[in-house]
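Asker: I'd like to ask some things about the structure below.
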Amino acid sequence: MDTPVDTLRQHLIDPEICIRCNTCEETCPIDAITHDGVNYVVKAEVCNGCMACVPPCPTGAIDNWRTVLKSAAYSLDAQYGWDELPAQNAAVPQLAQETAPADAREDAPVAASDTVRGSTVPPWSAARPYVQLYTHKTPATAIVVGNYRLTDAAAPSDIHHIVLDFGALSFPVLEGQSIGILPPGTSADGRPHHARQYSIASPRDGERPGYNNVSLTVKRVTREHSDATDGVCSNYLCDLKKGDVVTVIGPFGNTFLMPNHPGSHLLMICTGTGSAPMRAMTEYRRRRRPGEATGKLMLFFGARTSEELPYFGPLMNLPKDFIDTNLAFSRAPGQPKRYVQDAMRERAGDVAQLLKDGNTHIYVCGLKGMEDGVLQTLADIAAAHGMAWAALWEQLKREGRLHLETY
Ligand code: A2P
């Protein structure tokens with residue numbers, strides 16, 4: 001080891017790019033990441049550079065490193081106070097380039113296999129995404145061209161379909177990517193509100209084909225169910241009128257992407273607004289029917305009731321030979337509670353056929369709580385049909401065929 005004992009490659013999070021989505025804190029296996037109302041920060045004395053947090057970060061804000069004297073490592077208080085990362089102190093002897101420690105990168109797959117449950121690479125045939133074309137310092141603006149309530153007027157969930165048009169501005173997106181919205185105004189401490197991340201619900205060629213626009217699926221977060229900092233952006237978005245101007249950053253995401261090869265199958269599992277990327281992928285494939293795309297589409301979609309299921313009407317109108325749709329309602333009057341996992345078990349034979357096929361790509365998006373249940377269901381279905389789940393799981397992850405986005 002030629003590392004001087006008194007220096008440290010300190011792991012830091014870029015506050016200018018971070019969209020405070022909490023993914024890194026949830027992923028870190030040793031609780032080295034924490035946050036206050038302003039910044040996400042890394043405990044220098046706890047972080048071991050295992051890299052488990054790096055691939056899941058949607059923006060790349062997590063992948064920042066500075067060589068510091070151990071005695072002068074940036075404290076949590078210092079990191080909480082930053083609006084931007086400090087420059088590398090040139091007086092400190094450098095160990096390598098200003099990115100992750102090389103040995104940590106080599107170790108990453110070993111450490112990550114315990115903690116990263118989905119793919120950290122895209123499907124082999126996915127189109128190459130653009131990411132972070134617009135940042136906090138150089139945001140894009142878009143005009144609201146539509147804002148429609150998707151859920152029944154009497155339903156407790158207020159979910160909106162919002163269409164944003166970028167006009168002449170280049171804002172290329174792929175299905176599965178997300179954008180950040182910067183709501184106007186400041187929080188109680190006088191700082192601008194943080195960006196909130198939303199999955200794009202429209203395909204790459206626009207919500208309206210050939211137009212430079214994207215759609216979002218936004219659920220209004222109401223105060224009684226959350227703390228005072230939640231709901232700022234969702235209420236702002238749900239209240240937008242046609243012609244309003246919105247500040248946008250992104251796009252984000254380079255792994256939760258759909259395969260481009262026509263024979264690829266999509267097994268999509270979602271709840272509530274987790275349907276956004278599924279709608280984007282389904283619509284992209286629908287526009288390429290018939291002939292161009294031949295792979296199967298199978299969807300498991302969970303909501304409280306049919307009135308609370310976004311896109312219920314359009315979904316029901318899709319041809320049965322195009323998409324195999326399975327709905328699970330947890331609070332339908334007079335019906336037993338059903339989750340997506342229950343629907344998957346009922347269709348175990350068909351799910352197993354897809355699991356056996358190397359062209360199948362699995363997407364899970366929605367409530368965090370569903371992740372365990374869905375993975376367990378896939379494991380049980382695999383085992384019941386003679387597949388070794390542990391090996392298959394590793395293979396799916398390695399081949400960019402299992403994508404999880406839960407919140
Ligand atoms: P529940 O009625 O138990 O809340 P939401 O409307 O809150 O966005 O939730 C969407 C759907 O996901 C609801 O039907 C909800 O059921 C369901 N759900 C909640 N927890 C889980 C879970 N652990 N696994 C699968 N589905 C879940």
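The values are calculated or read from the model by the stated rules, or taken from the named source; none is laboratory data. Not measured: the values here are computed from a predicted model. Cβ coordinates were reconstructed from backbone atoms using ideal geometry, including for glycine residues, and neighbour counts include every protein chain displayed. Each accessible area value is taken on the protein alone, full model and side chains, heavy atoms only, with ligands, DNA and RNA left out. Shrake-Rupley method; radii C 1.70, N 1.55, O 1.52, S 1.80 Å.
Asker: Regarding region 3-14, can at least one residue be identified that is crowded, with 18+ Cβ neighbours inside 10 Å, touching a Pro at 6+ places or on another chain (Cβ under 7 Å), in a loop (DSSP other than H, G, I, E, B) and modelled with pLDDT under 85?
Answerer: no
Asker: Going by what's in this entry, would Leu375 be described as within 26 Å of Gln197 (Cα to Cα) and of a type in the set (A, V, I, L, M, F, W, C)?
Answerer: yes
Asker: Something else now. Counting only residues that are more than 29 Å from Asp189 (Cα to Cα) and not small (Gly, Ala, Ser), which one in region 57-79 is most open to solvent (accessible area, probe 1.4 Å)?
Answerer: Lys70
Asker: In region 232-251, is there at least one residue being in contact with a Ser or Thr (Cβ under 8 Å, 6 or more places away or on another chain), assigned to a loop (DSSP other than H, G, I, E, B) and surrounded by 15 or more Cβ atoms within 10 Å (Cβ to Cβ)?
Answerer: No, region 232-251 contains no residue that is in contact with a Ser or Thr (Cβ under 8 Å, 6 or more places away or on another chain), assigned to a loop (DSSP other than H, G, I, E, B) and surrounded by 15 or more Cβ atoms within 10 Å (Cβ to Cβ).
Asker: Open to solvent by less than 40 Å² (accessible area, probe 1.4 Å) and modelled with pLDDT under 90 - does that describe any residue in region 29-37?
Answerer: Looking through region 29-37, none of the residues is open to solvent by less than 40 Å² (accessible area, probe 1.4 Å) and modelled with pLDDT under 90.
Asker: Let me ask another. Could you tell me which numbered condition Pro314 fails, if it satisfies all but one of (1) more than 16 Å from the ligand (Cβ to nearest atom); (2) touching a residue at least 24 places away in the same chain (Cβ under 8 Å); (3) under 25 Å from the mean Cα position of the chain (by Cα)?
Answerer: Among (1) more than 16 Å from the ligand (Cβ to nearest atom); (2) touching a residue at least 24 places away in the same chain (Cβ under 8 Å); (3) under 25 Å from the mean Cα position of the chain (by Cα), the lone unmet condition for Pro314 is (2).
Asker: Now for a separate question. Just give me the residues in region 210-224 being open to solvent by less than 60 Å² (accessible area, probe 1.4 Å) and part of a strand (DSSP E or B), in sequence order.
Answerer: Asn213, Val214, Ser215, Leu216, Thr217, Val218, listed by residue number.
Condition check ((1) buried (at least 22 other Cβ atoms within 10 Å of the Cβ); (2) touching a Cys at 6+ places or on another chain (Cβ under 9 Å); (3) not in a loop (DSSP other than H, G, I, E, B)) across all residues:
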| site | (1), (2), (3) |
| --- | --- |
| Cys270 | yes, yes, yes |
| Ala276 | yes, yes, yes |
| Met281 | yes, no, yes |
| Tyr284 | no, no, yes |
| Arg288 | no, no, no |
| Gly291 | no, no, no |
| Met298 | no, no, yes |
| Gly302 | yes, yes, yes |
| Glu307 | no, no, yes |
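Asker: Something else about it: Give the residues of region 175-209 that are farther than 16 Å from Pro58 by Cβ, open to solvent by less than 10 Å² (accessible area, probe 1.4 Å), in contact with a strand residue (DSSP E or B) (Cβ under 6 Å, 6 or more places away or on another chain) and not hydroxyl-bearing (Ser, Thr, Tyr), sorted by residue number.
Answerer: Within region 175-209, Ala201, Gly206 meet the criteria.
Asker: Restricting to helices (runs of 4 or more DSSP H) lying wholly in region 325-397: which have 1 or more residues that are under 23 Å from the mean Cα position of the chain (by Cα) and near the ligand (Cβ under 10 Å from one of its atoms)?
Answerer: Per the criteria, 340-346, 370-384.
Asker: While we're on this one: Select, from Val54, Val42, Val92, the only residue that is among the β-branched types (Val, Ile, Thr), out of contact with any Cys (no Cβ under 9 Å at 6 or more places or on another chain) and on the phi < 0 side of the Ramachandran plot.
Answerer: Being among the β-branched types (Val, Ile, Thr), out of contact with any Cys (no Cβ under 9 Å at 6 or more places or on another chain) and on the phi < 0 side of the Ramachandran plot holds for just one of Val54, Val42, Val92, which is Val92.
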